[in-house]
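Read through the structure below, which is laid out as structure tokens, and then see the notes.
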Amino acid sequence: KAGVTQTPRYLIKTRGQQVTLSCSPISGHRSVSWYQQTPGQGLQFLFEYFSETQRNKGNFPGRFSGRQFSNSRSEMNVSTLELGDSALYLCASRRDRGGETQYFGPGTRLLVL
Amino acid sequence: GQNIDQPTEMTATEGAIVQINCTYQTSGFNGLFWYQQHAGEAPTFLSYNVLDGLEEKGRFSSFLSRSKGYSYLLLKELQMKDSASYLCAVDPTDSWGKLQFGAGTQVVVTP
């Protein structure tokens, strides 16, 4: 069974631009979570989607948004990029609810110049 | 909320055993994850403890005590490739996919 995939793997943007990252979960997984990882803050939760609905959201500004499609694929968008948005963005999927293993994709490394 | 504490760094020699402790404070959770993360890569799943006790999986074992708010990951017969960050994460009961991660323990394996 294929793992979680994320595209693109690497991205360079400039301040003020916007970016869209994509995540395809493991087949049969309906829950998709997004995390931001930086050296200073570690892994921080952005949001979680299940059946096209956002069920949970972390403490990030409104510039960070996401959505999920009917095939469970998910995208996250960051508008008006700031230097501090440079990070590894990780997507993770699990079948349904808590109590089940969450698997991570390879991540998208975003550099904002 | 959950406060998750684990040591910042541990060093051990090849072939040795290392135990990484994780303590947490939580109002309720489904279980506790351990992930391994090599530099520049995504976390990979190691173990998920739901019940108290020890779970063994090859060279890696993980232990959970809910009453003590304590878990550990035991790495045996250390190999150079085990040099990585090890992340402890709590899976809250009502937080829909929002794992709470510790800062990670950097394990350095020396020859």
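The values are calculated or read from the model by the stated rules, or taken from the named source; none is laboratory data. Since we're looking at a predicted model, the values are computed, not measured. Virtual Cβ from ideal backbone geometry, glycine too; neighbours counted across all protein chains shown.
Restricting to segment B:56-111, name every residue that is farther than 23 Å from A:G40 by Cα, within 14 Å of chain A (Cβ to nearest Cβ), at pLDDT below 95 and in a strand (DSSP E or B).
Selection gives B:K57, B:P92.
Residues of segment B:29-55 being at the interface with chain A (Cβ under 10 Å from one of its Cβ atoms) and among the small types (G, A, S), which ones?
Answer for segment B:29-55, where residues must be at the interface with chain A (Cβ under 10 Å from one of its Cβ atoms) and among the small types (G, A, S): B:G31, B:G40, B:A42, B:S47.
Identify, please: which residue in segment B:35-49 is free of Cβ contacts under 8 Å to residues at least 40 places away in the same chain and under 12 Å from A:Q37 (Cβ atoms) and is, among those, farthest from the chain's Cα centre (by Cα)?
B:G40
Could you say whether any residue in segment A:51-61 is closer than 14 Å to A:V4 by Cβ and within 14 Å of another protein chain (Cβ to nearest Cβ)?
No, every residue in segment A:51-61 fails to be closer than 14 Å to A:V4 by Cβ and within 14 Å of another protein chain (Cβ to nearest Cβ).
Kindly provide the set of residues from segment A:68-113 that are crowded, with 16+ Cβ neighbours inside 10 Å, away from chain B (no Cβ under 14 Å) and over 15 Å from A:P8 (Cα atoms), ordered by number.
A:L81, A:D85
A:R67 passes all but one of (1) within 24 Å of B:Q37 (Cα to Cα); (2) in a strand (DSSP E or B); which number fails?
So the condition that A:R67 fails would be (1).
Of all the residues that make up segment B:63-87, how many are more than 22 Å from B:S27 (Cβ to Cβ) and of a type in the set (G, A, S)?
Final tally of qualifying residues: 3.
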